[in-house]
Amino acid sequence: MPPVDRAMLRTPLSVITAEEGSRSSIKERRTYSPAELNRSVIADQQYDAIRYDGTLVEVDVASSEPRSLTVYRYQPRPVATTADAYAACLQDEYVFELSGLDPNTREVVNEAADGTYRAENTSDTAFRSLVETFHSHTAVSANTASGSWVTRYEGRLYWVKLRYTGFESDRDSRPRVRAPAAVCS
C-alpha cells in the first residue's frame, strides 16, 4: 500500500486493533493534495478491504469531492544569532518597570506574583488600574480579552498573562502589540 494510504489509515486501524474489532465502523476524513491523490489506492477505491494485523477491514469511500487546497510556504529567517541575543532584544523592546502603584494595586500585583489574582467583579478598581497600566505599554501579544507583557517589578522580571474581559473602558485602551519576530530582526 502506498505511504500516503498507510499514513491515513494508521490511526483508525490502531483503534480497531486496540478494541479487537469491537467497533463496527470508524469514519476518517482526509484531504489529499493532487499528488497524494494520484498515489492513493484507497481514494479511488481500488480495494474493498485490507488486512491489518491479521484483521480483515472493509474500506469504503463514502464520498469524494474536489476542493481547493491552499498551500502555504514559509521562508524562515533568523531573528537573532543566539537565544541570549533574542532574550536581550525582547527585554529591550518590551520590558517596562511596574512602579508607582497605589497600595491596593500593589496588593493585586503581589498576589498575582505569588500565583494568580482573580478580580471578583468588574468594579475592582485596583485591577482596572492595573489593566490600564499594562495597556499603556506594548504587549508581546494581545487581543480584546487578554494579553501578554514583560515587566520588571521590585527587581524581578515577569512574563505577565493578563485576562481583562469586562475591564476595557474604551477602544483607546486597547493594548499596542508588536510581534517579537518583527522587532528582533
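The values are calculated or read from the model by the stated rules, or taken from the named source; none is laboratory data. Quick caveat: nothing in here was measured; it's all calculated off a predicted structure. Cβ coordinates were reconstructed from backbone atoms using ideal geometry, including for glycine residues, and neighbour counts include every protein chain displayed. The area values use the complete protein model at the heavy-atom level, side chains included, leaving out ligands, DNA and RNA. Shrake-Rupley method; radii C 1.70, N 1.55, O 1.52, S 1.80 Å.
Tell me the angle of helix 103-113 to the major Cα principal axis of the chain, expressed in degrees between 0 and 90 and rounded to the nearest ten. So the helix axis and the longest Cα principal axis differ by about 30 degrees.
Averaging 1/r across all pairs of distinct Cα atoms in segment 67-185 and inverting the result yields a Kirkwood radius of 16.0 Å.
Can you give the relative contact order of segment 83-182 as a percent, counting alpha carbon pairs under 8 Å and 6+ residues apart? Please list the in-between numbers first.
Values: 117 pairs, mean separation 29.5, N = 100.
Once divided by the residue count of segment 83-182, the mean separation gives 30 percent.
Averaged per residue, the chain has 72 square angstrom of accessible surface, using a 1.4 angstrom probe with ligands and nucleic acids left out.
Between Glu58, Glu107, Glu93, the Gaussian network model of the chain with springs among Cα atoms under 10 angstrom shows the greatest mean-square fluctuation at Glu58. Rg over Rh for segment 35-113 works out to 1.43, using Cα positions for both radii and the Kirkwood form for Rh. Choose one answer from Arg67, Arg77, Arg118: the residue with the largest mean-square fluctuation in a GNM of the chain with alpha-carbon springs under 10 Å. Most flexible of the set in this elastic network: Arg67.
Nearest 10 degrees, 0 to 90: what angle lies between the long axis of helix 83-94 and the longest principal axis of the chain (Cα atoms)? Once rounded, one gets 50 degrees. Using only Cα atoms, find the angle between the long axis of helix 125-135 and the longest principal axis of the chain, and express it within 0 to 90 degrees, rounded to the nearest 10. For 125-135 against the chain, the angle is about 70 degrees. For segment 80-120, the residues whose backbone nitrogen is under 16 Å from a point 7 Å from the Cα of Val183, taken along Cα to Cβ, are 80, 85-98. Here the sum of -39500 (n - 2.57) over DSSP H runs of 4 or more residues, divided by the residues of the chain, equals -9500 deg cm²/dmol at 222 nm, to the nearest 500.
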